[in-house]
C-alpha cells in the first residue's frame, strides 16, 4: 500500500525550483512590457527628431529618454510660442484697427477725388479730425454744384456766391464728411 499523508493541519512547502519558476513567470510580463515600452519610446523620439529636426534645432530642444527633461524643454518652447502668439495677436489687432480707420475714410477719398475731377474747383481749406473732415473749395462755373457730392455722410453748404462777367459765378462751398465706423 501507498502511504498517504491525509493529515489536515499539514503545512505546505514549496520547493526551491517551483518557487523560481513561479518567480520567473510573475516577473516576465512586467519586464517584457518595460523593455517593449522603452523601445517604443526610443523609436518615437527618433521619429520626432527626424520629422521635426528643423524646429528642434531652431529652438535648441534636446529630446531624451528622460521624460522630465523633455517636459522642461517642451514647457520652455511652449512659453516661447505663447509669447510669439501674443505678439502676433497684438500685430493683428493693430492691422485690423488700421483697416477699420482706412474703411472709414475710403468714401471721403472718393468724394474728394470726385470734387477735384473738375478743373474749375480750387481747394482753399481742409481740416481733419478723427470723426469728421471739412473741405472748403472755390468753384468757377455757370452751373450750380452738381450732385456728385451727395453721400449719406456728406453735407454740402454754399458759403457765398459772386457773379462774374460772361455769366460765370464764383462760389465757395463747404463739405463736411462724418466718418462712420463700419
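Kirkwood hydrodynamic radius, region 105-178, all distinct C-alpha pairs: what's the number in Å?
Result for region 105-178 stands at 12.7 Å.
I need the calculated FRET efficiency for the pair residue 176 and residue 98, taking r as the beta carbon distance and R₀ as 30 Å, to the nearest 0.05.
0.80
Between 0 and 90 degrees, rounded to the nearest ten: what's the tilt of helix 16-51 against the longest Cα principal axis of the chain?
20
Which value in Å does the Kirkwood hydrodynamic radius of region 1-80 take, with 1/r averaged over all unlike C-alpha pairs and then inverted? Write out the running numbers ahead of the final one.
On the way: mean 1/r = 0.0572 Å⁻¹.
Computed over region 1-80, the radius equals 17.5 Å.
If I fit a long axis through the Cα atoms of helix 67-115 and take the longest principal axis of the Cα atoms of the chain, what angle between them do I get, 0 to 90°, rounded to 10?
Compared with the principal axis, the helix lies near 20 degrees.
Can you pull the one-decimal nm distance between simple spin-label points at residue 13 and residue 47, each 7 Å off the Cα toward Cβ?
According to this spin-label approximation, the distance is 5.4 nm.
Please work out the Cα center distance from region 40-60 to region 80-123, rounded to the nearest Å.
44
Output the Cα-based Rg and Dmax of the chain in Å, rounding Rg to one decimal and Dmax to a whole number.
For the chain, the Cα radius of gyration and maximum Cα-Cα distance read 43.5, 155 Å.
Can you give the helix-only mean residue ellipticity at 222 nm for the chain, where every DSSP H stretch with n ≥ 4 adds -39500 (n - 2.57) and the sum goes over all residues, rounded to the nearest 500 deg cm²/dmol?
Values: 3 runs with 91 residues, N = 182.
Roughly -18000 deg cm²/dmol at 222 nm, from the helical runs in the chain.
What ranking do 154-160, 32-38 get when scored by the average of other Cβ atoms within 10 Å per residue, highest first?
Result, highest mean Cβ count within 10 Å first: 154-160, 32-38.
Here, each number is a calculation from the coordinates, and none is a lab measurement. All of these numbers come straight from a predicted model, not from anything done at the bench. Every residue, glycine as well, gets a Cβ built from its backbone with ideal geometry; the counts of neighbours run over all protein chains shown.
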